[in-house]
Amino acid sequence: MRCPFCAHEDSQVKDSRSSEDGAAIRRRRQCEGCGARFTTFERVQLRDLVVVKKDGKREAFDRRKLERAVALACRKRDIAPDRIERLVSGIQRQLETRGDEVRTEAIGEAVMAGLKALDHVAYIRFASIYKDFSEASDFAEIAGEVGEAGEQLVSAPPPDRSDKLL
């Protein structure tokens with residue numbers, strides 16, 4: 001592993017452990033050239049994904065773009081960073097199981113589904129960019145959908161648990 005400080009080619013692993021969600025291995029390394037310490041993360045990659053854009057162009061899947069989009073939607077929300085990381089890892093695994101190529105629409109829909117389950121405000125923020133909202137009524141429409149889903153959960157009768165009390 002190349003040192004980010006002096007670009008020396010060799011480093012020694014000092015400590016390894018699983019990340020919080022278990023989807024990556026965190027390694028503490030020390031450069032054999034300058035002695036600086038740094039952290040790396042290793043993730044399982046099922047396959048190399050190619051993203052097919054709306055105009056037909058193809059580019060390599062970039063996890064950092066996905067992380068930035070989700071983080072931007074979740075900005076200033078009370079969402080733990082590990083929950084965001086689990087969401088991004090789950091979306092990436094889901095996309096990797098679909099095949100070698102994935103359309104941008106599939107990525108957007110997967111993010112929207114994940115954010116809707118995670119945080120309604122983050123979901124609306126992402127939807128406003130993804131669906132290119134141009135009027136206030138666009139916000140009202142999607143907020144109404146989120147509100148209806150929440151009302152259904154609240155108004156649904158609780159499951160009968162009387163047999164569990166015995």
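Summary table
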quantity	calculated
Residue list for the stretch 113-139, restricted to those being over 16 Å from GLU67 (Cβ atoms) and among the aliphatic types (A, V, I, L, M)	ALA113, ALA117, VAL121, ILE124, ALA127, ALA136
Flag for ALA73 being touching a Phe, Trp or Tyr at 6+ places or on another chain (Cβ under 7 Å) and at pLDDT 90 or above	yes
Subset of the stretch 44-82 [closer than 16 Å to ARG93 by Cα, not in a helix (DSSP H, G or I) and not aliphatic (A, V, I, L, M)]	GLN45, ARG47, ASP48, PHE61, ASP62
Residues of the stretch 83-103 satisfying the condition of being of a type outside the set (A, V, I, L, M) and assigned to a helix (DSSP H, G or I)	ARG83, GLU85, ARG86, SER89, GLY90, GLN92, ARG93, GLN94, GLU96
Hey, THR104 assigned by TED's automatic domain parsing to the domain that holds LYS131, surrounded by 12 or more Cβ atoms within 10 Å (Cβ to Cβ), over 10 Å from the mean Cα position of the chain (by Cα) and not hydrophobic (A, V, I, L, M, F, W, C) or not	yes
Extreme residue, surrounded by the most Cβ atoms within 10 Å (Cβ to Cβ), among residues of the stretch 107-121 that are under 12 Å from the mean Cα position of the chain (by Cα) and in contact (Cβ under 8 Å) with a residue 24 or more places away in the chain	LEU115
Selection from the stretch 4-36 of residues that are out of contact with any Lys or Arg (no Cβ under 6 Å at 6 or more places or on another chain), of a type outside the set (Val, Ile, Thr), modelled with pLDDT under 90 and surrounded by 11 or more Cβ atoms within 10 Å (Cβ to Cβ)	GLU20, ALA23
Residues of the stretch 37-72 classified as of a type outside the set (D, E, K, R), surrounded by 12 or more Cβ atoms within 10 Å (Cβ to Cβ) and over 23 Å from GLY99 (Cα atoms), total	4
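The values are calculated or read from the model by the stated rules, or taken from the named source; none is laboratory data. As the structure is a prediction and not an experimental result, all values here were calculated from the model. Glycine gets a Cβ as well: all are built from the backbone with ideal geometry, and neighbour counts include every protein chain shown.
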